[in-house]
Amino acid sequence: MEGVRFILTDAQWAMLEAVLTKVKSRAGAPPETSDRQFVEAVLYRARTGIPWRDLPVCFGTWDAVYQRFRRWQRGGVWHTLFERLRDGLLDTVKVLFLDSTVIRAHPHAAGAARNKGDKKPKGWAAAAAAGAPNCTWRRRTNRPPWPRS
């Protein structure tokens, strides 16, 4: 698990583990990855904003982590976990995820004007701006345009 920073300290994990043993179901085969490694994978994904498929291999296969996350979501494990940890760990989690909201969008996505750079105007545009109009409108009358003799 080199190159991946973990979020949870041992004290925080001890609080989480105590609640998880009461909350999660024991049905089914035991997972390949530990609960701590799974929770770290979910926190890593939340912190970095990466897609599930881009999870580092040290957390196990991305599909296994995703399916386990969905099972916990459908089973209400996440909701119950946060309800029971409202006082202690919830404040820490809010502080940890505060930084993940600083994901920047490109200025064009927000409707900003495009930067044209130092583009030079086209030749015809410069000539039109500097010269007289290229056509004139004459008032129509019933008289012919040529003088009568």
Here the alpha-carbon Rg of the stretch 21-65 over 2.2 N^0.38 Å rounds to 1.22
Apply 1/(1 + (r/R0)^6) to the Cβ-Cβ distance of ALA14 and ALA64, taking R0 = 30 Å, and write down the FRET efficiency to the nearest 0.05. 0.75
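The numbers here are math on the coordinates, done by the rules we state, and not lab data. Computed from a predicted model, the values in this text were never measured in an experiment. So basically every Cβ, Gly included, is an ideal-geometry build from the backbone, and we count neighbours across all protein chains shown.
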